[in-house]
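Q: Starting off with a structure, shown below.
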Amino acid sequence: MQTMTKEQSRAWDIDGYFILEGAFDPDEVKFYSDQIDALRAKPGWEPTNLPRGHYGWVEHADPDPESFMDRRDLLSYHDCFIDLIDRPGVFDLVVDIMGPYLAFSMSQAIVRASTPEFPGYTHTDGGEGLRRIRVTESSRPLAMKAMYLLTDVAEENHGNFTVFPGSHLRPYPEVDETIPAPDMPGAVPLMGKAGDCYLFSHSLWHGPSPNLSGRGRKTLLYNYCQQFMRPYDYAVTAAVADRCTRRQRRLLGDLGYDFRPGSYTYVPEDQLEVIMNGAA
Ligand SMILES: O=C(O)CCC(=O)C(=O)O
(Lines give C-alpha, C1' and ligand atoms only; values in the text may rest on other atoms or scores of the structure.)
Protein backbone atom coordinates (compact mmCIF):
# COMPACT_ATOMS: atom_id res chain seq x y z
CA MET A 1 0.00 0.00 0.00
CA GLN A 2 1.01 3.59 -0.56
CA THR A 3 2.57 5.37 2.40
CA MET A 4 2.96 9.05 3.31
CA THR A 5 5.76 11.00 1.73
CA LYS A 6 8.37 12.41 4.08
CA GLU A 7 6.73 15.86 3.80
CA GLN A 8 3.26 14.49 4.54
CA SER A 9 4.52 12.50 7.50
CA ARG A 10 6.33 15.55 8.87
CA ALA A 11 3.26 17.75 8.41
CA TRP A 12 1.10 15.15 10.14
CA ASP A 13 3.43 14.94 13.14
CA ILE A 14 4.02 18.66 13.53
CA ASP A 15 0.83 20.30 12.26
CA GLY A 16 -1.72 17.53 12.76
CA TYR A 17 -2.95 17.63 9.15
CA PHE A 18 -1.90 17.72 5.51
CA ILE A 19 -3.50 18.35 2.13
CA LEU A 20 -3.66 15.75 -0.59
CA GLU A 21 -4.13 17.56 -3.88
CA GLY A 22 -6.34 16.14 -6.63
CA ALA A 23 -7.77 13.17 -4.74
CA PHE A 24 -10.83 13.44 -7.04
CA ASP A 25 -10.60 14.23 -10.74
CA PRO A 26 -13.00 16.88 -12.14
CA ASP A 27 -15.56 14.26 -13.26
CA GLU A 28 -15.62 12.80 -9.76
CA VAL A 29 -16.01 16.26 -8.25
CA LYS A 30 -19.09 16.84 -10.43
CA PHE A 31 -20.44 13.36 -9.73
CA TYR A 32 -20.13 13.59 -5.94
CA SER A 33 -21.40 17.16 -5.93
CA ASP A 34 -24.55 15.99 -7.76
CA GLN A 35 -24.89 13.13 -5.30
CA ILE A 36 -24.82 15.59 -2.41
CA ASP A 37 -27.54 17.67 -4.10
CA ALA A 38 -29.61 14.51 -4.53
CA LEU A 39 -29.51 13.79 -0.78
CA ARG A 40 -31.64 16.85 -0.09
CA ALA A 41 -34.85 15.21 -1.29
CA LYS A 42 -34.28 12.16 0.90
CA PRO A 43 -34.85 11.54 4.61
CA GLY A 44 -31.86 11.27 6.91
CA TRP A 45 -29.89 12.47 9.94
CA GLU A 46 -29.39 16.23 10.20
CA PRO A 47 -28.66 18.67 13.02
CA THR A 48 -32.09 19.76 14.24
CA ASN A 49 -32.73 21.76 17.41
CA LEU A 50 -30.56 19.33 19.38
CA PRO A 51 -27.25 20.34 21.02
CA ARG A 52 -24.25 20.63 18.65
CA GLY A 53 -22.97 17.24 17.53
CA HIS A 54 -26.37 15.52 17.92
CA TYR A 55 -28.49 14.68 14.89
CA GLY A 56 -32.23 14.15 14.48
CA TRP A 57 -34.20 12.42 11.73
CA VAL A 58 -35.66 14.73 9.06
CA GLU A 59 -37.76 13.96 6.00
CA HIS A 60 -35.65 16.13 3.69
CA ALA A 61 -33.17 19.03 3.66
CA ASP A 62 -33.76 22.51 2.20
CA PRO A 63 -34.07 21.85 -1.58
CA ASP A 64 -31.86 24.84 -2.50
CA PRO A 65 -28.47 23.19 -3.40
CA GLU A 66 -26.57 26.26 -2.14
CA SER A 67 -28.23 26.25 1.28
CA PHE A 68 -26.84 24.70 4.47
CA MET A 69 -26.96 20.93 4.74
CA ASP A 70 -25.20 18.56 7.13
CA ARG A 71 -26.23 14.98 6.36
CA ARG A 72 -24.84 11.96 8.26
CA ASP A 73 -24.69 8.23 7.66
CA LEU A 74 -24.34 8.36 3.88
CA LEU A 75 -23.55 4.76 3.03
CA SER A 76 -27.09 3.57 2.34
CA TYR A 77 -27.80 6.32 -0.19
CA HIS A 78 -25.52 5.18 -3.04
CA ASP A 79 -22.66 2.74 -3.66
CA CYS A 80 -20.40 5.72 -4.41
CA PHE A 81 -20.47 6.57 -0.71
CA ILE A 82 -19.46 3.01 0.18
CA ASP A 83 -16.60 3.21 -2.34
CA LEU A 84 -15.08 6.13 -0.43
CA ILE A 85 -14.65 4.06 2.76
CA ASP A 86 -11.41 2.62 1.39
CA ARG A 87 -10.71 4.74 -1.64
CA PRO A 88 -7.21 3.90 -2.91
CA GLY A 89 -4.73 6.73 -2.52
CA VAL A 90 -6.57 8.17 0.48
CA PHE A 91 -7.30 5.02 2.51
CA ASP A 92 -3.69 3.88 2.05
CA LEU A 93 -2.55 7.01 3.85
CA VAL A 94 -5.21 6.57 6.52
CA VAL A 95 -3.82 3.10 7.24
CA ASP A 96 -0.29 4.46 7.27
CA ILE A 97 -1.39 6.98 9.90
CA MET A 98 -3.82 4.89 11.97
CA GLY A 99 -2.23 1.47 11.61
CA PRO A 100 -4.15 -1.63 10.45
CA TYR A 101 -6.35 -2.07 13.56
CA LEU A 102 -8.80 0.57 12.50
CA ALA A 103 -12.52 0.98 11.85
CA PHE A 104 -14.66 3.29 9.79
CA SER A 105 -16.72 5.45 12.09
CA MET A 106 -18.64 8.18 10.26
CA SER A 107 -19.67 9.62 6.89
CA GLN A 108 -20.99 13.13 6.42
CA ALA A 109 -21.86 15.58 3.64
CA ILE A 110 -21.72 19.28 4.56
CA VAL A 111 -22.73 22.31 2.52
CA ARG A 112 -21.67 25.59 4.16
CA ALA A 113 -24.06 28.18 2.77
CA SER A 114 -22.86 31.65 1.85
CA THR A 115 -24.35 33.93 4.49
CA PRO A 116 -23.21 36.86 6.66
CA GLU A 117 -25.03 35.25 9.58
CA PHE A 118 -22.67 32.29 10.15
CA PRO A 119 -19.53 33.34 12.11
CA GLY A 120 -17.84 29.94 11.85
CA TYR A 121 -16.60 27.94 14.82
CA THR A 122 -13.79 25.58 15.80
CA HIS A 123 -13.68 22.40 17.84
CA THR A 124 -11.98 19.05 18.17
CA ASP A 125 -13.75 15.89 17.00
CA GLY A 126 -15.19 13.17 19.16
CA GLY A 127 -16.97 15.20 21.82
CA GLU A 128 -16.13 16.15 25.36
CA GLY A 129 -14.37 12.92 26.34
CA LEU A 130 -12.03 12.58 23.38
CA ARG A 131 -11.10 16.26 23.59
CA ARG A 132 -9.37 15.59 26.90
CA ILE A 133 -7.20 12.82 25.50
CA ARG A 134 -4.13 13.78 23.54
CA VAL A 135 -1.83 11.00 22.53
CA THR A 136 1.91 11.58 22.32
CA GLU A 137 3.75 12.87 19.28
CA SER A 138 4.98 9.43 18.26
CA SER A 139 1.66 7.66 18.86
CA ARG A 140 -0.94 6.72 16.29
CA PRO A 141 -4.07 8.89 16.61
CA LEU A 142 -7.28 7.61 18.16
CA ALA A 143 -9.29 8.97 15.26
CA MET A 144 -8.91 11.08 12.13
CA LYS A 145 -10.87 12.41 9.17
CA ALA A 146 -10.50 12.58 5.43
CA MET A 147 -12.35 15.67 4.18
CA TYR A 148 -12.97 15.84 0.41
CA LEU A 149 -13.39 19.37 -0.87
CA LEU A 150 -15.90 19.66 -3.73
CA THR A 151 -15.79 23.45 -4.19
CA ASP A 152 -12.78 25.65 -4.98
CA VAL A 153 -11.79 27.72 -1.94
CA ALA A 154 -9.35 30.36 -3.17
CA GLU A 155 -9.86 33.19 -0.67
CA GLU A 156 -10.41 33.73 3.02
CA ASN A 157 -13.98 33.81 4.33
CA HIS A 158 -15.10 31.40 1.65
CA GLY A 159 -16.07 28.67 4.11
CA ASN A 160 -12.41 27.64 4.48
CA PHE A 161 -11.59 24.62 6.54
CA THR A 162 -9.65 26.43 9.27
CA VAL A 163 -7.06 24.84 11.52
CA PHE A 164 -4.82 25.68 14.46
CA PRO A 165 -1.64 23.86 13.36
CA GLY A 166 -0.02 21.85 16.14
CA SER A 167 -3.05 22.20 18.44
CA HIS A 168 -3.53 18.39 18.35
CA LEU A 169 -0.68 18.14 20.87
CA ARG A 170 -1.64 20.93 23.27
CA PRO A 171 -4.34 21.44 25.92
CA TYR A 172 -5.99 24.05 23.79
CA PRO A 173 -8.08 25.50 25.35
CA GLU A 174 -9.24 24.21 28.71
CA VAL A 175 -12.98 24.43 29.11
CA ASP A 176 -13.21 27.73 31.01
CA GLU A 177 -11.26 29.59 28.34
CA THR A 178 -12.69 31.16 25.20
CA ILE A 179 -13.29 28.55 22.54
CA PRO A 180 -11.00 29.43 19.61
CA ALA A 181 -12.88 31.05 16.75
CA PRO A 182 -11.74 30.94 13.12
CA ASP A 183 -10.55 34.56 13.28
CA MET A 184 -8.32 34.16 16.36
CA PRO A 185 -4.50 34.47 16.17
CA GLY A 186 -2.95 31.18 15.14
CA ALA A 187 -5.86 30.14 12.92
CA VAL A 188 -4.94 29.13 9.37
CA PRO A 189 -7.80 29.24 6.84
CA LEU A 190 -6.89 26.59 4.28
CA MET A 191 -7.31 27.13 0.56
CA GLY A 192 -7.89 24.30 -1.83
CA LYS A 193 -9.27 23.16 -5.14
CA ALA A 194 -12.34 21.02 -5.64
CA GLY A 195 -11.02 17.44 -5.51
CA ASP A 196 -8.41 18.06 -2.81
CA CYS A 197 -8.59 16.10 0.42
CA TYR A 198 -7.58 17.30 3.90
CA LEU A 199 -6.40 14.60 6.28
CA PHE A 200 -6.50 15.68 9.93
CA SER A 201 -6.35 14.37 13.46
CA HIS A 202 -9.47 14.31 15.67
CA SER A 203 -7.61 16.33 18.29
CA LEU A 204 -6.63 19.17 15.95
CA TRP A 205 -8.67 22.33 16.65
CA HIS A 206 -10.47 22.98 13.39
CA GLY A 207 -13.71 24.17 11.87
CA PRO A 208 -15.38 26.20 9.14
CA SER A 209 -14.73 29.90 8.61
CA PRO A 210 -17.57 32.22 7.55
CA ASN A 211 -18.61 31.85 3.95
CA LEU A 212 -19.16 35.14 2.10
CA SER A 213 -18.25 33.74 -1.32
CA GLY A 214 -21.74 33.88 -2.78
CA ARG A 215 -21.92 30.08 -3.18
CA GLY A 216 -22.25 27.04 -0.96
CA ARG A 217 -19.06 25.16 -0.08
CA LYS A 218 -19.50 21.40 -0.35
CA THR A 219 -17.49 18.67 1.36
CA LEU A 220 -17.63 14.97 2.17
CA LEU A 221 -16.13 13.77 5.45
CA TYR A 222 -15.03 10.23 6.26
CA ASN A 223 -13.97 9.45 9.81
CA TYR A 224 -11.80 6.56 11.02
CA CYS A 225 -11.09 5.40 14.56
CA GLN A 226 -9.14 2.66 16.27
CA GLN A 227 -11.04 -0.61 16.17
CA PHE A 228 -11.63 -0.75 19.92
CA MET A 229 -13.58 2.53 19.77
CA ARG A 230 -17.27 2.96 19.07
CA PRO A 231 -18.34 4.38 15.70
CA TYR A 232 -20.55 7.48 15.37
CA ASP A 233 -22.82 5.95 12.70
CA TYR A 234 -23.59 2.97 14.83
CA ALA A 235 -26.08 0.86 12.87
CA VAL A 236 -24.79 -0.89 9.76
CA THR A 237 -27.81 -2.41 8.04
CA ALA A 238 -27.67 -5.69 6.10
CA ALA A 239 -28.61 -3.71 3.00
CA VAL A 240 -25.34 -1.75 3.31
CA ALA A 241 -23.18 -4.70 4.44
CA ASP A 242 -24.34 -6.80 1.47
CA ARG A 243 -23.04 -4.16 -0.92
CA CYS A 244 -19.60 -3.96 0.70
CA THR A 245 -16.35 -5.76 0.01
CA ARG A 246 -14.79 -7.91 2.73
CA ARG A 247 -12.47 -5.07 3.68
CA GLN A 248 -15.27 -2.51 3.82
CA ARG A 249 -17.36 -4.87 5.98
CA ARG A 250 -14.40 -5.34 8.33
CA LEU A 251 -14.05 -1.57 8.60
CA LEU A 252 -17.76 -1.41 9.46
CA GLY A 253 -17.31 -3.84 12.33
CA ASP A 254 -17.85 -7.27 10.72
CA LEU A 255 -15.14 -9.39 12.32
CA GLY A 256 -15.99 -12.48 10.27
CA TYR A 257 -17.56 -14.17 13.32
CA ASP A 258 -20.25 -13.35 15.86
CA PHE A 259 -19.30 -11.09 18.75
CA ARG A 260 -17.52 -12.75 21.64
CA PRO A 261 -15.82 -11.20 24.67
CA GLY A 262 -12.53 -9.73 23.55
CA SER A 263 -13.80 -8.90 20.08
CA TYR A 264 -12.81 -5.47 18.72
CA THR A 265 -9.90 -5.18 21.18
CA TYR A 266 -8.11 -8.40 20.27
CA VAL A 267 -8.57 -8.36 16.53
CA PRO A 268 -9.32 -11.22 14.10
CA GLU A 269 -6.32 -13.22 12.92
CA ASP A 270 -6.89 -12.21 9.31
CA GLN A 271 -6.96 -8.46 10.13
CA LEU A 272 -3.70 -7.59 8.38
CA GLU A 273 -4.55 -9.63 5.31
CA VAL A 274 -8.03 -8.07 5.05
CA ILE A 275 -6.87 -4.49 5.56
CA MET A 276 -3.62 -4.54 3.62
CA ASN A 277 -4.63 -6.78 0.71
CA GLY A 278 -8.37 -6.94 0.97
CA ALA A 279 -9.61 -4.46 -1.58
CA ALA A 280 -11.26 -7.25 -3.62
O1 LIG B 1 -17.15 22.30 7.40
C2 LIG B 1 -16.01 22.45 7.78
O3 LIG B 1 -15.21 23.21 7.23
C4 LIG B 1 -15.47 21.72 8.97
C5 LIG B 1 -16.11 20.43 9.26
C6 LIG B 1 -15.71 20.00 10.61
O7 LIG B 1 -15.43 20.81 11.43
C8 LIG B 1 -15.58 18.64 10.99
O9 LIG B 1 -15.62 17.78 10.15
O10 LIG B 1 -15.43 18.32 12.18
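The values are calculated or read from the model by the stated rules, or taken from the named source; none is laboratory data. Since this is a predicted model, take the numbers as computed values, not measurements. With ideal geometry, Cβ positions are generated from the backbone for all residues, glycine too; neighbour counts draw on all protein chains shown.
Q: Quick check: anything in region 27-40 outside any helix (DSSP H, G or I) and not aliphatic (A, V, I, L, M)? Spell out the reasoning first.
A: Just the residues of region 27-40 that are outside any helix (DSSP H, G or I), to begin with: 40.
From the residues that got through so far, the ones that are not aliphatic (A, V, I, L, M) too are 40.
Yes, region 27-40 contains at least one residue that is outside any helix (DSSP H, G or I) and not aliphatic (A, V, I, L, M).
Q: Take the residues of region 157-173 that are over 17 Å from the mean Cα position of the chain (by Cα) and within 30 Å of LYS30 (Cβ to Cβ): which is surrounded by the most Cβ atoms within 10 Å (Cβ to Cβ)?
A: HIS158
Q: For region 125-147, state whether one or more residues are under 28 Å from ARG230 (Cβ atoms), within 9 Å of the ligand (Cβ to nearest atom), hydrophobic (A, V, I, L, M, F, W, C) and touching a residue at least 40 places away in the same chain (Cβ under 8 Å).
A: To start, the set of residues in region 125-147 that are under 28 Å from ARG230 (Cβ atoms) comprises 125-147.
Checking the rest, the ones that are also within 9 Å of the ligand (Cβ to nearest atom) come to 125, 145, 147.
Retained after the next criterion (residues that are hydrophobic (A, V, I, L, M, F, W, C)): 147.
Remaining after also requiring touching a residue at least 40 places away in the same chain (Cβ under 8 Å): 147.
Among the residues of region 125-147, at least one is under 28 Å from ARG230 (Cβ atoms), within 9 Å of the ligand (Cβ to nearest atom), hydrophobic (A, V, I, L, M, F, W, C) and touching a residue at least 40 places away in the same chain (Cβ under 8 Å), which makes the answer yes.
Q: Residue by residue through region 126-136, note down the ones that are crowded, with 16+ Cβ neighbours inside 10 Å and either in contact with a strand residue (DSSP E or B) (Cβ under 9 Å, 6 or more places away or on another chain) or outside any loop (DSSP other than H, G, I, E, B) (or both).
A: First, pick out the residues of region 126-136 that are crowded, with 16+ Cβ neighbours inside 10 Å: 126, 130-131, 134.
Residues satisfying the conditions are GLY126, LEU130, ARG131.
Q: Could you tell me how many of the residues in region 1-60 are exposed (fewer than 11 other Cβ atoms within 10 Å of the Cβ), among the hydroxyl-bearing types (Ser, Thr, Tyr) and touching a residue at least 40 places away in the same chain (Cβ under 8 Å)?
A: 0
Q: Let me ask you something else. Restricting to region 210-231, name every residue that is over 26 Å from SER9 (Cα atoms) and either within 14 Å of the ligand (Cβ to nearest atom) or at pLDDT below 95 (or both).
A: Of all residues in region 210-231, those over 26 Å from SER9 (Cα atoms) come to 210-218, 230.
Of everything in region 210-231, those that are over 26 Å from SER9 (Cα atoms) and either within 14 Å of the ligand (Cβ to nearest atom) or at pLDDT below 95 (or both) turn out to be PRO210, ASN211, SER213, GLY216, ARG217, LYS218, ARG230.
Q: Let me ask another. Anything in region 150-169 that is of a type in the set (S, T, N, Q) and either outside any helix (DSSP H, G or I) or more than 15 Å from the ligand (Cβ to nearest atom) (or both)? List them, or say none. Step through it out loud before you land on a result.
A: Looking only at region 150-169, we keep the residues that are of a type in the set (S, T, N, Q), and these are 151, 157, 160, 162, 167.
Correct list: THR151, ASN157, ASN160, THR162.
Q: Continuing with this model, one more query. Testing VAL95 on (1) of a type in the set (A, V, I, L, M, F, W, C); (2) crowded, with 17+ Cβ neighbours inside 10 Å; (3) outside any helix (DSSP H, G or I), one condition comes back false. Which one is that?
A: (3)
Q: Are any residues in region 46-61 hydrophobic (A, V, I, L, M, F, W, C) and either under 25 Å from ALA194 (Cα atoms) or in a loop (DSSP other than H, G, I, E, B) (or both), and if so, which ones? Lay out the reasoning, then the answer.
A: To start, the set of residues in region 46-61 that are hydrophobic (A, V, I, L, M, F, W, C) comprises 50, 57-58, 61.
If the condition is that a residue be hydrophobic (A, V, I, L, M, F, W, C) and either under 25 Å from ALA194 (Cα atoms) or in a loop (DSSP other than H, G, I, E, B) (or both), then LEU50, ALA61 are the ones that fit.
Q: A further question follows. Filter region 69-92 for residues that are part of a loop (DSSP other than H, G, I, E, B) and touching a strand residue (DSSP E or B) at 6+ places or on another chain (Cβ under 6 Å); which is nearest to ASP196 (Cα to Cα)? Before you say what the answer is, go through the steps one by one.
A: Let us first name the residues in region 69-92 that are part of a loop (DSSP other than H, G, I, E, B), namely 73-74, 78, 87-90.
After this cut, where a residue has to be touching a strand residue (DSSP E or B) at 6+ places or on another chain (Cβ under 6 Å) as well, the list is 73-74, 90.
On the way: ASP73: 22, LEU74: 20, VAL90: 11 Å.
Here the residue is VAL90.
The rows are residues; the columns are (1) buried (at least 21 other Cβ atoms within 10 Å of the Cβ); (2) within 16 Å of the ligand (Cβ to nearest atom); (3) at pLDDT below 90; (4) basic (Lys, Arg).
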{"site": "VAL175", "(1), (2), (3), (4)": "no, no, yes, no"}
{"site": "GLY186", "(1), (2), (3), (4)": "no, no, no, no"}
{"site": "TRP205", "(1), (2), (3), (4)": "yes, yes, no, no"}
{"site": "ARG246", "(1), (2), (3), (4)": "no, no, no, yes"}
{"site": "PRO261", "(1), (2), (3), (4)": "no, no, no, no"}
{"site": "PRO268", "(1), (2), (3), (4)": "no, no, no, no"}
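Q: Looking at (1) among the β-branched types (Val, Ile, Thr); (2) within 16 Å of the ligand (Cβ to nearest atom); (3) crowded, with 17+ Cβ neighbours inside 10 Å, find the lone condition where THR115 falls short.
A: Among (1) among the β-branched types (Val, Ile, Thr); (2) within 16 Å of the ligand (Cβ to nearest atom); (3) crowded, with 17+ Cβ neighbours inside 10 Å, THR115 violates only (3).
Q: Mind checking which residues of region 106-125 are among the hydroxyl-bearing types (Ser, Thr, Tyr), outside any loop (DSSP other than H, G, I, E, B) and either in contact with a helix residue (DSSP H, G or I) (Cβ under 9 Å, 6 or more places away or on another chain) or modelled with pLDDT under 95 (or both)? Break it down into steps so the answer makes sense when it comes.
A: At the first step, the residues of region 106-125 found to be among the hydroxyl-bearing types (Ser, Thr, Tyr) are 107, 114-115, 121-122, 124.
With outside any loop (DSSP other than H, G, I, E, B) added as a condition, the list becomes 107, 115.
Once the filter is applied, which keeps residues that are among the hydroxyl-bearing types (Ser, Thr, Tyr), outside any loop (DSSP other than H, G, I, E, B) and either in contact with a helix residue (DSSP H, G or I) (Cβ under 9 Å, 6 or more places away or on another chain) or modelled with pLDDT under 95 (or both), region 106-125 yields only SER107.
Q: For region 39-69, give me each residue that is within 25 Å of CYS225 (Cα to Cα) and touching a Phe, Trp or Tyr at 6+ places or on another chain (Cβ under 8 Å).
A: Keep residues of region 39-69 that are within 25 Å of CYS225 (Cα to Cα), which gives 44-47, 50-57, 69.
Of everything in region 39-69, those that are within 25 Å of CYS225 (Cα to Cα) and touching a Phe, Trp or Tyr at 6+ places or on another chain (Cβ under 8 Å) turn out to be GLY44, TRP45, GLU46, PRO47, TYR55, GLY56, TRP57.
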